[in-house]
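To keep things clear, I will list the structure first and then write my remarks on it.
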Amino acid sequence: MDDKIKSKLMSRLVPYFKEVHLDDIISETKRVVVDLKNVHDYGFFEFLDYLEENPYSALEILNEAYADAYFSYKLADADCTVTVKNLPESLNRNSKGKPMTIEDIKGENYGKLVEVEGIVVMATKIKLALKEAVYVCASCGQKKKVTIERPFEMHIGPQCPKCSQNMLLLDEESKYVDYQELKIQQPLDLMDDPEDPPKFISVLLEYTPGIYCGRIKVTGIPIKNQKNKKIPLHDILIGGYNCEPVTEKLDVSFTENEIKKFESLAKNKDVLNILSGRIAPQIKGNEIIKQSILLQQVRGVKKGKKRADSHILLITDPGTGKSDILRFIAGVPGCVYSSISTASGVGLTAGVVQEKTEIGDSTWVIKPGVLVKANGGTACLDELTVERSVLSYILEAMESQTIHVSKGGLNTKLPAGCSILAACNPKYGRYDKNIPVIEQINIPAPLLSRFDLIFPIKDTPNRKRDSEIANHILDTHIAYMDESKNKEIGLFYEIIDEIKIDFDFFCKYIAYARQKTPKFTKESKQVIHDFYLDLRKSSVQITARQLEALVRLSEAHAKLKLKDRVEEEDAKFAIYLMTESLKEVAYDSETDSFDIDRLFGNSKVERNELNIVYDIIRLQCENSEYNLAKKISIIKRALEYDISDGKAVKLIDKLIGFGDIEEISAGTYRMKGV
């Protein structure tokens, strides 16, 4: 290192630390993080240029400069480490001039400082790594201090420079740091082509705070790791110096011009339809569903432990475009897409497994699942089916928005604060409104009840609608090749009030709207209160879960319009969405009313009929010498209560399924346990 260059850099950095990091000096912070964007704003361009070319030497200079600043105040040596974060964009660009991503890290970046974002897909427990070893000679007492740059490689102690004896490690004087290995995946929204296979890289993180999940920003230097010493090939890893969570996935920095556009569009009375129309624009129709999904992205207002996220389930006939809708939302920063044929605990929630890591040992690691990866965003779950073995984990995630894992010495609580947008096909090919939802899908009732809105997407022949869809599909194909056709149908963007509304604008508007925290007025509160009481009349036909859902949807509608208050129109629109959903899945035609239990196969009428048939069987068993009831007698008695033969048989089968009765021979039943 050139002494003149070092002296020049030190002369500016020492005063910088005295001014900017005085609190760290006074409080004797053990780990000082230098914000490089702040260094850039101070005009220390020479240091940044030196950092770009000589990152290791530059980091040494930072540590020395801080030590001098510390000594000038404390008159003592600093016992801390100085690291960096927030690499200026000018120093962190790929060959295309864009911000560096995981897929950009190649051989040319070896030994250079980089900063990338990634989603944690694997994390080891925290270990201790020898960072600064102090050796002593047993013969002459000579001491030697050695800095360990690669703690994951075998380190052989030095020989005494005086007597050539092997030196011994002084453990009590040596310095250890917290060390953790992470594997991170490039977020979908940062990939050049989201359809490409996911890109991964391992991070060996020093001074780790203990990170097990989420989206993070890593600052470090690409290093190489040769797994097979006989073959001259190396894996590229990142030697991490700093790691911070990315709490807000969407860009929350807005220009004055952007804010003006947001405020202008919010005044448009059709803002809901304009923005919801940008969701999978190649799919014609499904306006209510798209409106609901838009409000889901905006979210309600977070209040204590009350979740602000809404969960939506789509039950779709084949070929209706559900995957396109889910993939579109997955493109919004912070959202994750997963196609799940049979969900596992690890795949959906999180798991602890034993795995060989980059440093060569076999250890227990945490593997976050889809719901944890989507923390702060939306988990788009396609082809959703859930086995009962993982049901409790998913219920915990949907309600408390956390997931507990405990195994192999790892015991932690992972955040899973995400909305869920799920889709599945009916078991029998097509959705049948006359059959309870629970009987048509492979999702258990406790999980089904956690969804705020459930919508079927049916492929029903309709000449006018079919003609519109056909024209839209054909126009969509033409629009990819014809700019004028794109302007006509608004495939990639549309111009409203001189505002270009494309995908980037869509995402930024959502991010801006999320910042609002509107409060209910007395009038809007009364609207929801009255609606809830009306539906609860005479029986428990709708639950408090639906009431909470109405609150979230009302708040989201107000936030979308950038309002400070939740007004009557917001509450009424939330009620409209809820009503449309209930019409499809919880409407009992026999009583001309909504009945939430119809979702699970038991309407109010059917519950009464089940009780009647159950009592018939119970009484016949009690009056029988052998405690048995015959099907013929049951059906005959049921007719007296206006229950038809066919209905009685179905009710008997349900009672068997519920475990209330058992069939001991054809047409002969007894109470369970008798």
| task | Please state which one of Ala138, Ala123, Ala76, Ala69 is touching a His at 6+ places or on another chain (Cβ under 8 Å), on the phi < 0 side of the Ramachandran plot and not β-branched (Val, Ile, Thr). | result | Ala69
| query | How about the range 300-396: which helices (runs of 4 or more DSSP H) wholly inside it have at least 3 residues that are surrounded by fewer than 20 Cβ atoms within 10 Å (Cβ to Cβ) and modelled with pLDDT of 80 or more? | reply | 322-330
| request: Test Glu117 against the stated conditions and say whether it is in the same structural domain as Ile223 (by TED's automatic domain parsing) and outside any strand (DSSP E or B). | output: no
| query | Counting just the residues of the range 186-209 that are at pLDDT below 90, in contact with a strand residue (DSSP E or B) (Cβ under 7 Å, 6 or more places away or on another chain) and within 19 Å of Ala350 (Cβ to Cβ), which one comes out surrounded by the most Cβ atoms within 10 Å (Cβ to Cβ)? | reply | Pro187
| Is one or more of the residues making up the range 224-234 under 24 Å from Ser338 (Cβ atoms) and either without any contact (Cβ under 8 Å) to a residue 12 or more places away in the chain or buried (at least 21 other Cβ atoms within 10 Å of the Cβ) (or both)? | no
| task | Of the conditions (1) over 21 Å from the mean Cα position of the chain (by Cα); (2) crowded, with 19+ Cβ neighbours inside 10 Å; (3) not hydrophobic (A, V, I, L, M, F, W, C), Arg215 clears all except one; give me its number. | result | (1)
| said: Tell me whether the range 74-94 contains one or more residues that are without any contact (Cβ under 8 Å) to a residue 12 or more places away in the chain, within 29 Å of Thr208 (Cβ to Cβ) and more than 37 Å from the chain's Cα centre (by Cα). | reply: yes
| message | Quick check on my filter: what residues within the range 73-87 are out of contact with any Lys or Arg (no Cβ under 6 Å at 6 or more places or on another chain) and either assigned to a strand (DSSP E or B) or in the same structural domain as Lys175 (by TED's automatic domain parsing) (or both)? | response | Val82, Thr83, Val84, Lys85
| query | Could you list, in sequence order, the residues of the range 513-526 that are crowded, with 22+ Cβ neighbours inside 10 Å and not polar (S, T, N, Q)? | reply | Ala513, Pro518
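Report, by residue number, each residue of the range 1-28 that is farther than 11 Å from Leu62 by Cβ and crowded, with 16+ Cβ neighbours inside 10 Å.
Lys6, Lys18, Asp24, Ile25
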| In the range 237-296, which residue that is of a type in the set (Gly, Ala, Ser) and part of a strand (DSSP E or B) is surrounded by the most Cβ atoms within 10 Å (Cβ to Cβ)? | Gly240
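Just to verify a result, which residue in the range 529-560, among those that are of a type in the set (Lys, Arg) and surrounded by fewer than 21 Cβ atoms within 10 Å (Cβ to Cβ), is farthest from the chain's Cα centre (by Cα)? I'd like the intermediate steps shown before the answer.
Within the range 529-560, the subset of a type in the set (Lys, Arg) is 536-537, 545, 552, 559.
When the remaining residues are screened for being surrounded by fewer than 21 Cβ atoms within 10 Å (Cβ to Cβ), the result is 536-537, 545.
Numbers: Arg536: 35, Lys537: 38, Arg545: 22 Å.
Ranking the candidates gives Lys537 first.
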| query | Given the range 8-64, what helices (runs of 4 or more DSSP H) lie entirely inside it while holding 2 or more residues that are out of contact with any Pro (no Cβ under 8 Å at 6 or more places or on another chain), of a type in the set (Val, Ile, Thr) and in contact (Cβ under 8 Å) with a residue 12 or more places away in the chain? | reply | 22-27
| query | Since Ser406 meets every condition but one in (1) modelled with pLDDT under 85; (2) under 18 Å from Val121 (Cα atoms); (3) buried (at least 18 other Cβ atoms within 10 Å of the Cβ), which condition does it not meet? | reply | (3)
| request: Select, from Lys303, Lys261, Lys322, the only residue that is charged (D, E, K, R), more than 17 Å from the chain's Cα centre (by Cα) and not assigned by TED's automatic domain parsing to the domain that holds Ser400. | output: Lys261
| note | Of (1) in contact with a Lys or Arg (Cβ under 7 Å, 6 or more places away or on another chain); (2) more than 28 Å from Ser581 (Cβ to Cβ); (3) modelled with pLDDT of 70 or more, Pro444 satisfies every one except (2)
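The values are calculated or read from the model by the stated rules, or taken from the named source; none is laboratory data. A quick note: this is a predicted structure, and the numbers were derived from the prediction, not measured. Virtual Cβ from ideal backbone geometry, glycine too; neighbours counted across all protein chains shown.
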